[in-house]
Every structure is written in structure tokens, then in C-alpha cells.
Amino acid sequence: MELIYPGHIKLSDKEKMNICYLSFPDSNSGCMGDTQFHFRIRQCPGRKPAVKAHNSYNRDCPVSLQSETAFYYGFVYFRQTKDRAIRRGYFQKSVVLITKLPFVALFSQLVSIVAPEYFDNGEPSLEAACHDIDQWPCPVPGDTLNLPIMGTVIQVRVPNRSDKVTGSTQARIQSTHTIPAHSILPSLHEVDIYSAFQSILPHVQLLWELVLLGEPIVVMAASPSVTCACVQALVNMIAPLKYCNDFRPYFTIHDSEFKEFTTRTQAPPPVILGVTNPFFAKTLQHWPHIIRIGEMGGFGVYTQFKTFLAKDKMILKRLMKGTQSKRPVEAQNAILRRHFLEMTQSFMIPLERYMASLMPLQRNISPHKGPPRLRPFDTEEFLQTVEHSGPQLTSGIKGDWEGLYRRYFKSPNFEGWYYQRQREVNQKLQVLHMDALCDSNLEEWIRDKEEVEIVDLILRIKEKLKFASNNHTVVQRESVAKLQKHLENIVSALPDDLQTVIKT
């Protein structure tokens, strides 16, 4: 096995051991030929999150594509062939790419280019690949990247948080295609959810609810490539909402968290696991939601969960009709993705509307007071709005939307969304307060004020300049210049001795 990762990233022995175990399919899976899959492991506790270089990227990208703070992704290309010259009778080798970025589509393609070259030509191929990757630019949300790798070029657009969300990214990629590329990826991260769920399509709406609510789910299949596709599809179902629980596209009995996830002394944790070892069929039989695909006991979703919403039969009819008419898989996938996107948006629009109502009115933002804060989120107050302005305004799906919201409020997905939106709204309020300061005649205001009030204003302006420095992408340069001028004029109006104190 070869590990590809930057030299400055030091993995612990425990992390290396986990990576080694996860880089080979389970001995019971019988994967012959070439197999691709990926895994996700927790970074060892006590180590500093290695995300400083991605701070500006995280600020501008969609939240679901932010660099991981506490996890690594491993993208694996495994080859197993019969070889009588080897004592075990098989040639087995894996190439693994380790990263903190959840670019599933990109890194899966990358490792599929690098690994065969390495198997055929050895170490020099890995050195050439690392050299090419070193030349890649940092991902900038909104930019189209042309990424050379071993004689080919992968072109892909990095999504921006301000992008209009649609069911497909293909149109956006083609519109920015200006440089010839051997391979144009329609997305950095999206997976084929139709193919992943094809054998369990009647249950997709049930799965959407389980994922939205952060329920424990285990996916059992014979191959890690199947579990990865299904787990990643589950996580993608609620996009653009970020799935805030743990998930492991491929999990084995050798994982350091095996005991934590399989104990019967407490309820299963809110995690989605993908497993291939039949041993898990017994070990995880107490889990509340089990998806079986293929040879792991037949297709199906096994759960006692009662859905809050009525099943949308139209989407199933449309997909079945597409199957009968041999509609391309890409089109089927786009239809299903759009269906989930519309469901998620219908669910989130009332929450976003209520969030906006918690903001203070702009006319009440005073330059002579501290920046206003967002009012606390009152779940009962929100639920009172659901009957008249809930998801039924945008979705034809009937059901107990209020009950679904009540369960959602208890999930990490709500906590993650609310924390992110609270941070974004408070940031916007800071910008509005800064604008109010810029547009105010502060020099006139300080004429009849006590020195203590003037010093308080100076400290407030300095705080604003510090905020502007840390959030330069959302603050206009003109505002910074105005505020700096205000500060200089106010300080110069103070007595010399106080000026000296202020400037030190």
C-alpha cells in the first residue's frame, strides 16, 4: 500500500493503522480485479485541526463542502489478481489518497488515474503524480480549475456559497469551459444517488427523513464500493443542508471505534456506517435502521420507523417510467436529485423565513451603541407558523410537517444549521453596524461627550477594524477607509496625553 499525503502532515501511528486496515476490502468480500471506494476516519484527539490553509476556502464555499476539522478522507484504488508466484496466490495492492476535503467525485477520479500507472510502473509514477498535484492551485469557490495529472487535465468548477442551487451542475460547468481539458467533471463532490438507491427506490423518502433527523443507519453490502456509494448518497440526500453527524462510507471490525459503535449497553450513536463483513449482521442487528443491498441478505430497508410524511408516488412512477423507456442513468439521477433538493428546500424555507424575522430592523441599528444581536430561536414560536406558512406552500407532499420539525430540532443537523446561520446573520449585523458607523458624523457627535464615552467609541471602531480584517470578503474597502479616517479624526481631537495612551 502507498499513502499519498503532504509531507508536512504527520499522521499518528493509530491513524496509519486505521488507514492500512481500511485500504483493503474485507477478506470476506472477494473483490477480484480493480475496486474503488473511500473511507472516513476520525483524526486522533489532542491534535490541532490542520485547516488553517483552508480558512478562506471554508468561508466562501457551501457548508457541505467545507474542509473537515476532525476527519480524514481516504480514497482507495485496490487491485487483486491471481498470481501463482506469490505464496498466498494473489497479488494485492492499494493506492490511497488522504485528504480533508470532501471532493468525492474529484479524488475518486484522481486515484483512478494514478493507481493503474503505479501498478504498472512503480514508484516513479507516484513521484510524478505528487509533483503534478503540488502545482495545483488552492481551491477558490467560484473558480474553474484545470488540474494537470500525469498527462491529462481534469477540469472542474468549485462551487461558491452564493451559487443558485439547482438539481444539476452540468450547465454551470459547460458555461465556464474555456480551456481544453481531457476530462470535465460535472461536480467536485456529487455522487450518482439513483444508481446507489436503484434497488430500494420505494424507500427513498423514508431514507430522506432518517438522514434529515440524524438517525443511526447501517448499510450492509458485499463490496466496499457499494457501501460507499450508498452512504455517500444518503449524506447527499439533504443537500444543500449539511449532514452534521458522523458517517463512515466503509467501516471494518479493525477500526479503533469498533467497540464504541457496536456496544449494546447504550443506544446506537447517530452515525451512518457502511459494512461488508457478515459478522456485522449479528453485531449490529440491534440498530434501528438497516439497509441491505445485494448479497448481504437481500435488498431492503429494515426499520420500525413511522414516516411523518405521505409517500410521493409520482416520483416513483416517473423513475419507473424512465427505467422502462431506458432513460439514461444521468437523467434519472438528475430527476431524483431535484426531487430531494425540492423536498429539502421546502423544509428549510420556513426555517430561513423565521430566522430572518429574528433580525433587528435596520433602522434600529445605532452607531452609538454596540452591534445588535439576533433574537434567540424559539421552537414553539416557529411551530405556530407552520400551519399557515409551512412547507405545504411549496411542496405537494402531505403529512405531519410539525412533527418532523419537532424531531429535527433535537438532531445535530439542526444544531449545525442553526450555529452556521446564527454566525452568518451576526456577521451581517456586524457589517450593517459598521456601515452605520461609517455613515455617521462621529466628529460632530463627540463634541459634547465625556472622554470616557469617546474612548468607548474609539474601542468600538477598533473592534470593527479588527472584524473587517478577519472578514475582508464581506466588508467593502471603502468602509474600512472611512472608518480609519473617523478613527484618526476622533483620536486627534483628544488631549495629547490621552492620544498617547490610545495609540500605545
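Before moving on, here are some points about what is shown:
- Every condition in (1) surrounded by 18 or more Cβ atoms within 10 Å (Cβ to Cβ); (2) not in a helix (DSSP H, G or I) holds for Lys464 except the one numbered (2).
- Subset of the stretch 103-112 [aliphatic (A, V, I, L, M) and either open to solvent by 40 Å² or more (accessible area, probe 1.4 Å) or under 16 Å from Phe24 (Cβ atoms) (or both)]: Val111
- Selection from the stretch 375-398 of residues that are open to solvent by less than 100 Å² (accessible area, probe 1.4 Å), assigned to a helix (DSSP H, G or I) and not hydrophobic (A, V, I, L, M, F, W, C): Thr379, Glu380, Glu381, Thr385, Ser389, Pro391, Gln392
- Residue in the stretch 359-366 that is in contact (Cβ under 8 Å) with a residue 12 or more places away in the chain, assigned to a helix (DSSP H, G or I), under 18 Å from Leu432 (Cβ atoms) and open to solvent by 30 Å² or more (accessible area, probe 1.4 Å) present: yes
- Of all residues in the stretch 113-142, exactly one satisfies the criterion of being open to solvent by 40 Å² or more (accessible area, probe 1.4 Å) and in contact with a His (Cβ under 9 Å, 6 or more places away or on another chain), namely Cys138.
- Taking each residue of the stretch 119-142 that is among the small types (Gly, Ala, Ser) and looking for partners that are in a helix (DSSP H, G or I) with beta-carbon atoms closer than 6 Å, six or more apart or interchain, yields Ser125/Glu117; Ser125/Tyr118; Ala129/Val114.
- Checking Arg353 against (1) under 30 Å from Glu444 (Cα atoms); (2) open to solvent by 70 Å² or more (accessible area, probe 1.4 Å), the condition it does not meet: (1)
- Test: residue in the stretch 438-456 that is out of contact with any helix residue (DSSP H, G or I) (no Cβ under 7 Å at 6 or more places or on another chain), under 12 Å from Ser479 (Cα atoms) and in a helix (DSSP H, G or I): yes
- Qualifying residues in the stretch 57-102 (those that are more than 29 Å from Cys244 (Cβ to Cβ), of a type in the set (S, T, N, Q) and open to solvent by less than 40 Å² (accessible area, probe 1.4 Å)) - the one farthest from the chain's Cα centre (by Cα): Gln80
- Annotation: of all residues in the stretch 3-56 being among the acidic types (Asp, Glu) and modelled with pLDDT of 80 or more, the one that is least open to solvent (accessible area, probe 1.4 Å) is Glu15.
- Considering only residues in the stretch 211-249 that are among the β-branched types (Val, Ile, Thr) and open to solvent by 10 Å² or more (accessible area, probe 1.4 Å), the one that is nearest to Phe261 (Cα to Cα) turns out to be Val235.
- Residue check, Ile253 open to solvent by less than 10 Å² (accessible area, probe 1.4 Å) and of a type in the set (A, V, I, L, M): no
The values are calculated or read from the model by the stated rules, or taken from the named source; none is laboratory data. Nothing here was measured: the structure is a model prediction, and the numbers come from that model. Reconstructed Cβ throughout: ideal geometry from the backbone, glycine too, with neighbour counts over all protein chains shown. Areas reflect the complete protein model, heavy atoms only, side chains present, ligands, DNA and RNA absent. Shrake-Rupley method; radii C 1.70, N 1.55, O 1.52, S 1.80 Å.
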